[in-house]
Amino acid sequence: MQINLGKSRGAQLEMINQKNLSNDYDIIMIQEPYISLAWIDYILTPSNFRLVLPDTSKDKKKGMVRSVIWVSANLNTAQWEPLGQTGSNNLMAIHLKIEGHQIMLFNIYNNCTNDDSLTVFDGYLKQHSLQFLGSEDDHVIWADDFNRHHPLWDDKTQLRLFTPRALNDANRLINLMAEWEMELILSKEEGPTLHHKVTKSLSWPDLVLCTTHSKTLFASCQVKEEEKPVHTDHFPIAYSLALPANASIIQDQVSFNFRATDWKKFGEKLQTQLLNQDLTNSI
């Protein structure tokens, strides 16, 4: 799941207290979490999840943390690791290693007023892409609140969203998508991802993107309007992945039919083998 909690303590508590949260989701990506000024290093987290913070979270020059990931304690720690050196408190990433596949999962928050997060993100991709885009079994997913509007992902009838400035601001994101061959997964037909608390207007600022060859991994991708906490204006987005068997790790194995064993001959053979063993140094 991914969701922007709008820095609301109430929304975060409501999310944490949802029934079956740990059964329904392995990974939850939060944009704009609630952070108490009194406990700057403490972020409320569900009891059965591990909190993953950006590596710059303690650097006050980087501003408040706007991207965190909750990873279920049910997910084996050998199957994932946080990615460091992102250089931004608005960018968090983890590396999943499951059944021969590796998935780079980026959680991104981009401010309404600037493209600083996109600049840092682009630099990170250019520096590290060879580490996670080496084969068809390597996948990249962007889970994000880009705060940008364009007919590519917003409802085309919502003309109020497509001001000249808004379309110009969206160009940076579109160019980034093209450069890294990312495709939109969440269909606008799934419904808006934001219902503004004051104006009651609808928009689509939250996106899900993946590398082109990764589209077939998505078993589902849906806006979960019924799971929206009342204290935020963003809807959760939930998706599930179905990883195909990796041919490179599948090997033909001999299957023995133990019921057909001639145990008398087996015992005689075992006794002969043991008599021929030098056991003087075995203790």
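A short reminder: the numbers here are calculations on the coordinates, not readings from a lab. Since the model is a prediction, treat every value here as computed from it, not as a measurement. All Cβ positions, even for glycine, are placed from backbone atoms using ideal geometry, and neighbour counts span all protein chains on display.
Sorted ascending by nearby beta carbons within 10 Å, beginning with the fewest, H139, H231 become H231, H139. Loop-located trypsin sites (Lys or Arg not before Pro) in the range 1-53 (DSSP state other than H, G, I, E, B) with a sparse environment of at most 13 neighbouring Cβ atoms within 10 Å: K19. On the beta carbon distance between Q18 and D122, with R0 = 35 Å, the FRET formula returns roughly 0.50. In the range 2-249, the alpha-carbon atoms span a convex hull of 129 Å³ per residue. Mind pulling the angle between the C-alpha long axis of helix 116-132 and the longest principal axis of the chain? Nearest 10 degrees, somewhere in 0 to 90. Helix 116-132 and the main axis of the chain meet at about 20 degrees.
Taking the fewest neighbouring Cβ atoms within 10 Å as the starting point, the ordered list for L118, L133 is L133, L118. Using a simple spin-label model with pseudo-atoms 7 Å out from Cα toward Cβ, S36 and H213 lie 4.8 nm apart. In plain terms, the chain from T77 to I174 could stretch by 31.5 nm, reckoned as 0.36 nm per residue minus the Cα-Cα distance. Annotation note: GluC sites (Glu not before Pro) in the range 142-207 located in DSSP loop regions with a Cβ neighbour count of at most 14 within 10 Å are E181. Assuming R0 = 45 Å, can you tell me the calculated FRET efficiency for the pair R160 and A242, based on Cβ-Cβ distance, to the nearest 0.05? Efficiency computed from Cβ-Cβ geometry: 0.75. Cα axis of helix 164-179 to longest principal axis of the chain: angle in degrees, 0 to 90, nearest 10? Orientation of helix 164-179: about 20 degrees from the principal axis.
Site-free segments of the chain were taken between chymotrypsin sites (Phe, Trp or Tyr not before Pro) in DSSP loops having at most 11 other Cβ atoms within 10 Å, sites themselves excluded; the longest one is 43-255.
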